[in-house]
Amino acid sequence: MPAMSLAGAMRPADPPGADSQVNRDLLRVMEGISPGYLLLLAATVLSVVAAGGVWIWQVYLGLGVGGYAHPIFWGVYIVTFVFWVGIAHAGTLISAILYLFRAKWRNAINRSAEAMTVFAVLTAAQFLGIHVGRIWKSYFILPYPNQRGLWVNFRSPLEWDTFAISTYATISIVFFFIGLLPDIAIARDRARGLRKLLYTALALGWQGTARQWKSHSRAVLHLSGLATPLVLSVHSVVSWDFAMSIVPGWHATIFAPYFVAGAIFSGFAMVLTVMIPVRRIYGLEAYITDYHFENMTRFLLLTSWIVGYAYGFEYFVAWYSGVEAEQTAFWLRAFGPYWFSTWTMVFCNVIAPQLFWFKRLRTHVPTIFVVSTLINIGMWFERYVIIITSLGREYDPAVWGIYTPTWAELTIFAGSFGFFAMLFLLFMKLFPVIAISEVKELVIHERAHSGEAH
Amino acid sequence: MPALVGIYDAPGPVAECARRLRGRGFTRLEIYAPAAFPELDTALDEKPSKVRIWTLIGGLLGVTTGYAMTIWMSYDWPVTIGGKPFASIPTYTIIGFELTILFGGLATLLGLLVVGRLPYGRFGKNDRAYSARFSAEEFGLVVECRERDVQEVDALLRDHQAKEVSLVEP
């Protein structure tokens with residue numbers, strides 16, 4: 001048999017020891033745990049445990065442990081809920097909308113932004129449970145068959161919110177996982193021991209065959225198409241929690257686009273706040289370049305103007321409507337007892353981002369870090385302004401009131417940051433923080449073209 | 001049947017070679033790639049991926065479920081408000097919309113798994129040819145052929161810039 005002797009001559013050579021540069025650079029982030037990392041992780045775990053303890057105490061004693069008192073029954077918990085849902089918007093925007101627009105620069109940041117989306121939604125969802133005093137009855141919001149034959153009220157914005165948030169959580173996890181699948185396979189082929197076992201299970205046998213890539217591309221395209229209207233709907237629905245009521249300062253048609261722009265604004269700011277230190281610590285400057293940061297700051301500038309326009313327009317409508325309650329509510333926002341939060345919001349969200357008109361500052365990393373952190377603070381205060389000042393100054397001055405967050409609320413608020421940071425820290429050590437296969441797509445393209453043309 | 005594995009550095013020659021091989025009647029082919037490349041999507045199969053049917057069915061199922069559930073529940077416990085219809089279609093649109101996305105997205109995931117033959121779908125005929133090189137930066141073209149065709153396929157693979165060709169036993 002002559003063919004068999006040929007076979008002997010053509011035995012496969014052992015795979016070369018050298019792995020691809022991209023794999024080595026990006027998988028290295030997952031290796032080794034420094035004392036600084038452990039310290040940070042311990043701090044986040046501690047804050048989560050503290051928040052959990054306070055929460056159990058609150059369940060035992062009741063919501064009075066928070067600053068909830070007549071007439072303000074939506075406090076820091078709802079403010080923080082809206083804040084985290086907003087943060088969750090950047091990931092899907094970057095992954096889905098920029099994917100549909102074929103904006104290639106998204107490759108450097110889409111993985112971490114998607115991860116932040118998932119973690120922020122998980123953080124936000126907890127606040128619904130924390131805010132509902134009787135947590136053991138929270139399943140009442142779901143339409144399930146019961147002995148009373150009673151169904152939920154589908155006309156209620158809170159019911160819409162349940163569907164919107166749970167859909168968003170599910171879809172962002174699916175999107176995140178599908179994007180991660182090829183990268184888990186890369187890690188699987190290089191891991192040992194327990195990690196090998198984990199990645200083998202999670203990679204679902206991914207080998208990067210033509211058939212797999214073809215269905216993968218198609219699935220990502222379809223999910224982007226589905227997630228794009230979804231991301232716009234989620235914060236719109238959150239805004240209708242407010243806008244569907246008749247509270248002065250809430251009852252406005254501008255709320256949906258205003259909230260969506262604010263969500264994108266805060267989400268991009270959070271991606272920058274997190275990725276600037278990560279890039280520096282893990283030396284990822286070759287992958288996340290100043291060009292990426294500059295594009296992000298352009299988005300911040302644009303959305304800052306949309307948000308600033310909404311702030312101004314709210315005041316205009318309050319004046320133009322001639323409704324006295326509206327006018328009073330908005331006057332008191334700026335010059336009433338909560339003036340501090342309003343002016344913080346205006347400074348952080350409208351004035352500070354104007355620095356990004358200058359290219360020198362758009363590429364100056366410390367400036368970007370400071371401004372994006374300010375925006376995070378400002379966006380939290382925006383929700384504080386909307387919720388607290390409006391509830392505290394409704395139609396009848398006899399029921400006006402003042403709300404001050406208690407230390408219990410602030411502990412749980414701090415715990416939410418701990419929870420988010422904890423998940424992100426664990427993610428960095430378990431999965432590639434940059435989408436390796438998408439970076440490779442660019443690398444291989446570039447190599448092929450430089451080989452042909454020059 | 002023995003299988004030949006050609007190793008490549010770029011997707012273009014892989015796609016070209018696969019087409020030539022299919023033209024010559026070799027149908028048991030497989031391509032391994034480190035990333036998604038549009039030219040490889042049509043190399044083995046010109047038809048668009050069937051994942052799209054999954055998304056469509058999921059989405060339609062979602063929108064139907066959303067409206068049907070809300071409307072049925074309104075009539076199952078009718079609440080009379082000023083003689084208005086029991087079901088409020090405009091507000092139910094939000095539920096219908098969200099469930100379209102939810103069901104459509106989950107069906108897309110399911111479609112990816114079924115059409116892409118995951119999980120563990122490829123631990124079958126060509127699995128012996130897989131190597132960690134394909135999750136680095138190299139491409140693999142696997143051809144199953146009869147003993148007497150080995151030399152022809154080998155020459156064809158090398159003609160299309162394969163940097164090495166090896167034989168995997170059945």
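A short reminder: the numbers here are calculations on the coordinates, not readings from a lab. It should be emphasised that the depicted structure is a prediction, and the values quoted were computed from it without experimental measurement. Cβ placement follows ideal geometry from the backbone for every residue including glycine, while neighbour counts extend to all protein chains displayed.
A few remarks follow.
- Candidates B:Pro11, B:Pro38, B:Pro90, ranked by Gaussian network fluctuation over chain B, Cα under 10 Å, top entry: B:Pro90
- A:Ala50-B:Arg128 FRET efficiency (beta carbon distance; Förster radius 51 Å; 0.05 resolution): 0.40
- The Kirkwood radius of region A:192-341, taken over pairs of alpha-carbon atoms, gives through the Stokes-Einstein law at 25 °C and 0.890 mPa s a diffusion coefficient of 125 µm² s⁻¹.
- 10 Å Cβ shell holding at most 13 others, DSSP loop, GluC sites (Glu not before Pro): longest site-free stretch of chain A: A:32-284
- With distances taken between every two different alpha-carbon atoms, region A:287-339 has a Kirkwood hydrodynamic radius of 13.3 Å.
- Whole-number percent relative contact order across chain A, with pairs defined as alpha carbons under 8 Å at least 6 apart: 30 percent
- Cβ-Cβ FRET estimate between B:Ser88 and A:Leu442, R0 fixed at 41 Å, reported to 0.05: 0.25
- Span-like helix ranges in chain B, DSSP H, alpha carbon extent 20 angstrom or more, Kyte mean at least 1.0: B:89-115
- From its DSSP helices (H runs of at least four residues, each -39,500 (n - 2.57)), chain B gives a residue-normalised ellipticity at 222 nm of -15500 deg cm²/dmol.
- From its DSSP helices (H runs of at least four residues, each -39,500 (n - 2.57)), chain A gives a residue-normalised ellipticity at 222 nm of -22500 deg cm²/dmol.
- Two-decimal Rg/Rh across region B:51-115, once Rg and the Kirkwood Rh are taken from alpha-carbon atoms: 1.18
- Local charge for A:Asp241 was computed over the other residues whose Cβ lies under 11 Å away, with Lys and Arg +1 and Asp and Glu -1, and equals -2.
- Of the DSSP H helices in chain A, those whose Cα atoms cover at least 24 Å axially and whose Kyte score averages -1.0 or more: A:35-61, A:110-131, A:157-190, A:210-243, A:255-282, A:290-321, A:365-384, A:407-430, A:436-453
- For region A:90-174, the alpha carbon convex hull comes to 115 Å³ per residue, rounded to a whole number.
- The convex hull built on the alpha-carbon positions of chain B has an orientation-averaged projected area of 13.0 nm².
- Cα-centre dipole for chain A with unit charges at Cβ (Lys and Arg positive, Asp and Glu negative), debye to 20: 1160 debye
- Candidates per trypsin sites (Lys or Arg not before Pro) in region A:191-289, loop by DSSP, up to 10 other Cβ within 10 Å: A:Arg192
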